[in-house]
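The structure appears right after this line, and notes come after that.
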Amino acid sequence: MTLVVTSSCVTGDGVVVIDALASPAQGERLVRVIRSVTREPIRWLVLTHHHPDHHFGAVVLRRAGARVIAHPDVSTGVDEQSREAAESAWTLVVGKEQMVGFAYADAPDRAVVTADTLRLGGQTIVIAHPWRGPGGAHTAADLIVWLPLERVLFAGDLLIEDGVTMVVDGSGKGLLAALDTLAALAPRIAVPGHGAIPADPQVLIGRTRDYMLRLRAAMRAAVERNRSLNRALDSLPPADEGRPVSLRSRERRNANRVYLEVERELMGLEP
Ligand SMILES: [Zn+2]
């Protein structure tokens, strides 16, 4: 995991970094990579959301001079866990050596809850919260970064390479709404939160939408036939033990979440 969850814009009047990788050690590597490209000051770090793999290196960027732009709902992604528990759990994932010097640095210096525009060195950078309805999309605190002149979109985890993005901290319905916003931008290039940049952004947006529409339809059919959650999940392969973000695990965890979401909708509990 090197630069797959992050990107930077060198504006001519400072660097804007998008996401900060998964640990202080990775954050240091990121700063070294930026320094190999430019001596411009690192002015801003934009966090696309508050999952650890996107911001646990943020403290290093902050020490390098960046101020943080993020959605202020930092509870997202740690769900029921406390921030300390999330730190301990993540340390087990990446290893203690990676986490030396860690401190939370995802609280925004500049909070974005709707949209904001940075103008630096002739570059216009729009930062927006694409779905403000109930339930969130990938999370309740997603931000996208949009370069309107170049038509480049940094989508965070609203898009990932294989189209099976997680909604366990958000909602399928919100993801579909956020994807409509992404599609309407008609990006020339879309940088996903994980994996390779797709040749055609609309293909990945469409693939993600199709996956979620299929999953919602399948879970809706199960609820309407009074099938229990466990029986509805029986149609899916088991999750991969110890690999919570493998494809099979994501599919199963999403199905679980979407079943409950659709059930609430059918009971009239969702707005
Ligand atoms: Zn995420």
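The values are calculated or read from the model by the stated rules, or taken from the named source; none is laboratory data. All values reported here derive from a predicted model rather than from experimental measurement. Cβ coordinates were reconstructed from backbone atoms using ideal geometry, including for glycine residues, and neighbour counts include every protein chain displayed.
Below, the figures for the structure above:
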| read-out | value |
| --- | --- |
| Residues of the stretch 140-180 satisfying the condition of being within 24 Å of ARG119 (Cβ to Cβ), under 15 Å from the mean Cα position of the chain (by Cα) and of a type outside the set (A, V, I, L, M, F, W, C) | ASP142, GLY156 |
| Residue match in the stretch 188-201 (condition: within 15 Å of PRO130 (Cα to Cα), surrounded by fewer than 16 Cβ atoms within 10 Å (Cβ to Cβ) and of a type in the set (Gly, Ala, Ser)) | no |
| Hits in the stretch 141-167 - residues which are within 13 Å of LEU204 (Cβ to Cβ) and either part of a strand (DSSP E or B) or touching a helix residue (DSSP H, G or I) at 6+ places or on another chain (Cβ under 7 Å) (or both) | LEU153, ALA155, LEU158, LEU159, ILE160, ASP162, GLY163, VAL164, THR165 |
| Where a residue in the stretch 155-167 is closer than 15 Å to SER7 by Cα and its partner, wherever it lies, is within 9 Å of the ligand (Cβ to nearest atom) and among the small types (Gly, Ala, Ser), with Cβ under 9 Å and at least six apart | ALA155/GLY193; GLY156/GLY193; ASP157/GLY193; LEU159/GLY193; ILE160/GLY193 |
| Hits in the stretch 51-69 - residues which are charged (D, E, K, R) and within 16 Å of the ligand (Cβ to nearest atom) | ASP53 |
| Yes/no for SER249 being free of Cβ contacts under 8 Å to residues at least 24 places away in the same chain, within 16 Å of the ligand (Cβ to nearest atom) and not aliphatic (A, V, I, L, M) | yes |
| Top-ranked residue in the stretch 205-243 [being at pLDDT 95 or above and of a type in the set (Asp, Glu); ranked as farthest from ALA186 (Cα to Cα)] | GLU224 |
| Matching entry among LEU159, LEU149 (being of a type in the set (A, V, I, L, M) and either more than 15 Å from the ligand (Cβ to nearest atom) or closer than 19 Å to ASP106 by Cα (or both)) | LEU149 |
| Single residue of the stretch 95-120 satisfying the filter (of a type in the set (D, E, K, R) and within 30 Å of TRP131 (Cα to Cα)) that is surrounded by the most Cβ atoms within 10 Å (Cβ to Cβ) | ASP106 |
| Those residues of the stretch 219-243 which are surrounded by 17 or more Cβ atoms within 10 Å (Cβ to Cβ) and touching a residue at least 24 places away in the same chain (Cβ under 8 Å), in sequence order | MET219, ARG220, ALA222, VAL223, ALA232, LEU233 |
| Criterion (within 10 Å of the ligand (Cβ to nearest atom) and either in a loop (DSSP other than H, G, I, E, B) or surrounded by 24 or more Cβ atoms within 10 Å (Cβ to Cβ) (or both)) met by exactly one of GLY136, GLY170 | GLY170 |
